[in-house]
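Q: Quick one: this structure, given as structure tokens, is what I'll be asking you about.
The values are calculated or read from the model by the stated rules, or taken from the named source; none is laboratory data. Quantities reported herein were computed from a predicted structural model and do not represent experimental measurements. Virtual Cβ from ideal backbone geometry, glycine too; neighbours counted across all protein chains shown.
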Amino acid sequence: MNPDVTNTRIGIIGSGFIVNDCHLPAYQKLRLNVVAIASRTKGNAERVAGEYGIETVYESFEMLLADASIEVLDIAVPPQHQADLIREACRRGTVKGILAQKPLALDYAEALSIVEECEKAGVVLAVNQNMRFDPSVAEADRLLKNGRLGDPVFTTIDMRGIPHWQPWQAELQSASLKIMSIHHFDCIRHWHGDPEAIYCSTRPDPRTEFPHQDGICTSILEYANGFRAVVIDDVWTGPAQEGCPGDIRIEYRIEGSDGLAIGDIGWCKDPYTSPSSLRHAAKGDEGFTTARLDGSWFPDAFKGTMLDLLTALQEDRAPMLNGRDNLKTIALVDAAVRSSEEQRRVRLDSI
């Protein structure tokens, strides 16, 4: 790894679960240079800083944003509060890059405004769609790109899992589409490109108490060439917390004209960060080949998202997870919400 990457001065805004359990453990493995942190609750920031050896704890977000020595801003706050911080960072014009959480914004129009403001300010924006860097997802992408599976025919992602709900999700009134489905839609885009349209049918799940309509979602992604993908997101997954044995998993299946890949994302299990896995086979094989993978989605994929941004800054190019590309993922989520509400197929170019 180039020392210019590991020496880049990173400031973090936020000190919740995603920072403490995902960002910082991943950054520590890479020996990245996290120099400052600020949080809504200073005590939480001090606790996290002490655990990970972060030298400066600021009293407020504004004080951290005023530190002109910080080169990259890692924002890890609820999405409804993220846009103002990104805009303020652009106005100050000191940081070179921003890693934002997903969803980048609550709808396409606001996401577009954020992307355009970063472009105008010369700030490189990346979005933390970290599932792309899960070791199993990344290996499946390699298999697709090297042609082992042939032409894609049908792909499914099937989540039967009970996430750790965060209080801010009740404000969004979304249990899946803007929380989990957004990962899976982005993953399908990463593997197969952009669909033409989506049909999404949802219902609330019986367990989640805050108002929502998208606890159980079935989405069909339609491509002009006939390829289809189906995403099932089920945060109910039966009465697994009410005394019934559970079957907690996120599995995917990619069927191609020449081969088949079947993966398991190591998440929502016990232990929580179980390794991801992948097996694949092609015409003429005697059986499946098990891929040699290293790591799990949480926290290992978070190494990839920040490294993607730091390397892009060093090489003066757009990161893979750049904000302009992420607009297409946001559009897909908006289309799914509209499809569910209006009970019809929605084209992405209508968003």
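Q: Based on what the data block shows, is Ile198 among the β-branched types (Val, Ile, Thr) and within 19 Å of the chain's Cα centre (by Cα)? Give the steps one after another, and end with the answer.
A: Working: among the β-branched types (Val, Ile, Thr): yes; within 19 Å of the chain's Cα centre (by Cα): no.
Criteria not met by Ile198.
Q: Something else about it: If you check Trp191 against the conditions, is it among the aromatic types (Phe, Trp, Tyr), closer than 24 Å to Asp294 by Cα and either assigned to a loop (DSSP other than H, G, I, E, B) or in the same structural domain as Arg249 (by TED's automatic domain parsing) (or both)?
A: Criteria met by Trp191.
Q: Can I ask one more? Need the failing condition index for Leu106 against (1) farther than 13 Å from Ile86 by Cβ; (2) in the same structural domain as Gln80 (by TED's automatic domain parsing); (3) assigned to a helix (DSSP H, G or I), just the number.
A: Of (1) farther than 13 Å from Ile86 by Cβ; (2) in the same structural domain as Gln80 (by TED's automatic domain parsing); (3) assigned to a helix (DSSP H, G or I), only one is false for Leu106: (3).
Q: While we're on this one: List the number of the failed condition for Asp334; all other conditions in (1) of a type in the set (Asp, Glu); (2) out of contact with any helix residue (DSSP H, G or I) (no Cβ under 7 Å at 6 or more places or on another chain); (3) closer than 14 Å to Leu104 by Cβ hold.
A: Among (1) of a type in the set (Asp, Glu); (2) out of contact with any helix residue (DSSP H, G or I) (no Cβ under 7 Å at 6 or more places or on another chain); (3) closer than 14 Å to Leu104 by Cβ, the lone unmet condition for Asp334 is (2).
Q: So in the range 132-144, with the set limited to residues that are of a type outside the set (A, V, I, L, M) and not in a loop (DSSP other than H, G, I, E, B), which one is farthest from the chain's Cα centre (by Cα)?
A: Filtering first and then ranking leaves Arg142.
Q: Out of everything in the range 260-296 that is of a type in the set (Asp, Glu) and in contact (Cβ under 8 Å) with a residue 40 or more places away in the chain, what residue ends up being farthest from Thr237 (Cα to Cα)?
A: First, pick out the residues of the range 260-296 that are of a type in the set (Asp, Glu): 264, 270, 285-286, 294.
Subsequent filtering for residues that are in contact (Cβ under 8 Å) with a residue 40 or more places away in the chain retains 264, 294.
Working: Asp264: 16, Asp294: 28 Å.
Restricting to residues being of a type in the set (Asp, Glu) and in contact (Cβ under 8 Å) with a residue 40 or more places away in the chain, the top hit is Asp294.
Q: Further, regarding this structure: Within the range 148-206, how many residues turn out to be among the charged types (D, E, K, R) and under 23 Å from Asn322 (Cα atoms)?
A: 5
Q: Moving on to the next point. Sort out which residues of the range 145-162 are surrounded by fewer than 16 Cβ atoms within 10 Å (Cβ to Cβ) and in a loop (DSSP other than H, G, I, E, B), and write them in order of number.
A: Asn146, Gly147, Gly150, Asp151 - these are the residues of the range 145-162 that are surrounded by fewer than 16 Cβ atoms within 10 Å (Cβ to Cβ) and in a loop (DSSP other than H, G, I, E, B).
Q: For the range 1-77, which fully contained helices (runs of 4 or more DSSP H) count at least 3 residues that are surrounded by 15 or more Cβ atoms within 10 Å (Cβ to Cβ) and either of a type in the set (A, V, I, L, M, F, W, C) or modelled with pLDDT under 95 (or both)? Break it down stepwise before answering.
A: Values: elements: 3-6, 24-30, 42-52, 61-65.
The helices (runs of 4 or more DSSP H) meeting that bar are 24-30, 42-52, 61-65.
Q: Considering each of Ser60, Ser136, Ser113 in turn, give the residue that is of a type in the set (Ser, Thr, Tyr) and touching a residue at least 40 places away in the same chain (Cβ under 8 Å).
A: On the way: Ser60 fails: touching a residue at least 40 places away in the same chain (Cβ under 8 Å); Ser113 fails: touching a residue at least 40 places away in the same chain (Cβ under 8 Å).
So the residue among Ser60, Ser136, Ser113 that is of a type in the set (Ser, Thr, Tyr) and touching a residue at least 40 places away in the same chain (Cβ under 8 Å) is Ser136.
Q: Could I ask something else about it? Checking Lys328 against (1) over 29 Å from Asp4 (Cβ atoms); (2) in contact with a Ser or Thr (Cβ under 9 Å, 6 or more places away or on another chain); (3) in contact (Cβ under 8 Å) with a residue 24 or more places away in the chain, which single condition isn't satisfied?
A: Result: Lys328 passes all but (2).
Q: List the number of the failed condition for Tyr108; all other conditions in (1) more than 20 Å from Val19 (Cα to Cα); (2) surrounded by 22 or more Cβ atoms within 10 Å (Cβ to Cβ) hold.
A: Checking Tyr108 against (1) more than 20 Å from Val19 (Cα to Cα); (2) surrounded by 22 or more Cβ atoms within 10 Å (Cβ to Cβ), the one that fails is (2).
Q: Any residue in the range 211-233 that is small (Gly, Ala, Ser), in a loop (DSSP other than H, G, I, E, B), touching a Gly at 6+ places or on another chain (Cβ under 7 Å) and not assigned by TED's automatic domain parsing to the domain that holds Phe17?
A: Within the range 211-233, not a single residue is small (Gly, Ala, Ser), in a loop (DSSP other than H, G, I, E, B), touching a Gly at 6+ places or on another chain (Cβ under 7 Å) and not assigned by TED's automatic domain parsing to the domain that holds Phe17.
Q: Could you count how many residues in the range 233-255 are touching a Lys or Arg at 6+ places or on another chain (Cβ under 8 Å), buried (at least 18 other Cβ atoms within 10 Å of the Cβ) and under 29 Å from Arg148 (Cα atoms)?
A: The qualifying residues number 1.
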